[in-house]
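The values are calculated or read from the model by the stated rules, or taken from the named source; none is laboratory data. Fair warning: this is a prediction, and the values are worked out from it, not measured in the lab. So basically every Cβ, Gly included, is an ideal-geometry build from the backbone, and we count neighbours across all protein chains shown. All accessible areas refer to the heavy atoms of the entire protein, side chains included, with ligands and DNA or RNA removed. Shrake-Rupley method; radii C 1.70, N 1.55, O 1.52, S 1.80 Å.
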Amino acid sequence: MEQLPANDHIWNRKLIHILWWILLIYEIVAIFGFFYNLYDQPPQWFNSFMQVQIITACLLLILMGAGYLAIHFLKQYSDFIMIIWTMTMVSIFIIRIPELMSSYELISIPIILASIYFQKKYIFFAYSLGIVYLISLLVCQVYQGHALIPSDLVVSIAVLTLTALVCFAIMSKGLVLITELKDSVVREQDLLIRNVMIDRLSKVDALTELFNHRSFQEHTDHLISHMPHDTSLELALIDIDNFKTINDTYGHWVGDMVLKTIGSILKDVLGPDEMSFRYGGEEFAVLFVGKSHEEVLHICEKLMEIIRSTEIPEMPDQPLTMSIGLASYNRNTMKKAWFQLVDECLYTAKRNGKNRIHSHISE
């Protein structure tokens, strides 16, 4: 089963902050305890002050400093150091605070903290370390003259073992949920990519890689509805001259090559304010936004010059030309009427000998 990466520095920083808060809270509680002992048992206040506050605080501060140094110089083992750090802090509290003298089950806290790394080796390390610390604490208790109660040992080991098993179970379930979440995210990303590809295929002509007729209609509707009133809009319909002759003479694959070539020229010549479309068959459409009629006419003439100078190796004896119908949009007319006007301009250019531009300026 997949496990999360080790050396989670973000969690380690949070744990260090928690340890500082524990130290701060302990000092506040110890101060209150000192004043209580000073009032309740005046002769013993100094021993209590040294036992509970000074010595314990010094040990905890030494531990904090050692922990920082260890993490700084042994960054690759920072997770293990954090487990040792917390285990040692808990043990100091058990040893130095009389009320916690026999609370060996507190050693299970570092085991619980080890589970946040979501790796079994850390839980096993914390459990093994907890057994070592437990035995060490019991030895210290015997050394100080306290009686060893067998039930304390059995109960403490049982608590540590159950805690480790629960952490293993929670971690395993968490990893399963994480794996399912990752799979769900991957499926959603695949679905999104498929939807984007389907949407692109529905709007882009596969041969020329220009937007198709459907995209042309949608984009034109959007421009008419949303562009400012004083913004000019012109439409150029482009038709390849003698395209049927090209297909009949050289084959449809050469005709496809001609279409791809013109599509590439349109993409190269036109700027960001113009959009080119494959209108259908051998016809292309270009929408010009925010340009004067003279500027649009100049661009169309440039396109025709480039097309005339383009050579298709597979049809050396056939010149490549095109006819263009051009008209500006008038807001007082319907879109359909505008399209018909541009179409009439294109057919006028065809009837007048092809290889030319016929334009209409709206009043």
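What is the dipole size for the stretch 293-363, taken about its Cα centre, with +1 at each Lys and Arg Cβ and -1 at each Asp and Glu Cβ, in debye to the nearest 20?
Dipole size: approximately 340 debye.
Can you compute the modelled spin-label distance between HIS360 and PHE124, with each label point 7 Å from Cα toward Cβ, in nm?
About 8.3 nm separates the two model spin labels.
With a point put 7 Å past each Cα toward its Cβ, work out how far LEU223 is from SER103 in nm, to one decimal.
7.7 nm
With every protein chain present, what is the per residue accessible area of the chain (1.4 Å probe, Å²)?
57 Å²
Rounded to the nearest 20 Debye, what is the dipole magnitude of the chain about its Cα centre when Lys and Arg each give +1 and Asp and Glu each give -1 at the C-beta?
Charge dipole, the chain, about its Cα centre: 1080 debye, nearest 20.
Looking only at Cα atoms, what is the convex hull volume of the stretch 199-340 per residue, in Å³?
108 Å³
Roughly how many percent of the accessible protein surface of the chain is carbon and sulfur, given a 1.4 Å probe and a whole-percent answer?
Carbon with sulfur: 64 percent of the solvent-accessible area.
How high is the relative contact order of the chain? Use alpha-carbon pairs under 8 Å, at least six apart in sequence, and give a whole percent.
12 percent
For the chain, with the dipole built from +1 on Lys and Arg beta-carbon atoms and -1 on Asp and Glu ones, taken about the Cα centre, which of GLY145, THR161, HIS219 lies farthest toward the positive end?
About the Cα centre, the residue reaching furthest to the positive side is GLY145.
Once the Cα atoms of helix 78-96 and of the chain are each reduced to a long axis, what angle between those two axes, in degrees from 0 to 90 to the nearest 10, is obtained?
Here the helix axis deviates by roughly 30 degrees.
Using +1 on the beta carbon of Lys and Arg, -1 on that of Asp and Glu, and nothing else charged, what's the dipole of the stretch 54-172 about the Cα centre, debye to 20?
300 debye
Report the accessible area of ASP183, computed with a 1.4 Å probe over the heavy atoms of all protein chains in place, in Å² rounded to the nearest 10.
70 Å²
By the scheme Lys and Arg +1, Asp and Glu -1, what is the net charge of all other residues having a beta-carbon under 15 Å from that of SER323?
Cβ neighbours under 15 Å give a net charge of -2.
Which of the following values of volume of the Cα convex hull per residue in Å³ was calculated from the structure shown: (i) 257; (ii) 173; (iii) 147?
(i)
Against the longest alpha carbon principal axis of the chain, how many degrees, from 0 to 90 and to the nearest 10, is the axis of helix 213-226 turned?
So the helix axis and the longest Cα principal axis differ by about 80 degrees.
In degrees from 0 to 90, rounded to the nearest 10, what is the angle of the helix 150-203 Cα long axis to the longest principal axis of the chain?
Roughly 0 degrees between the two axes.
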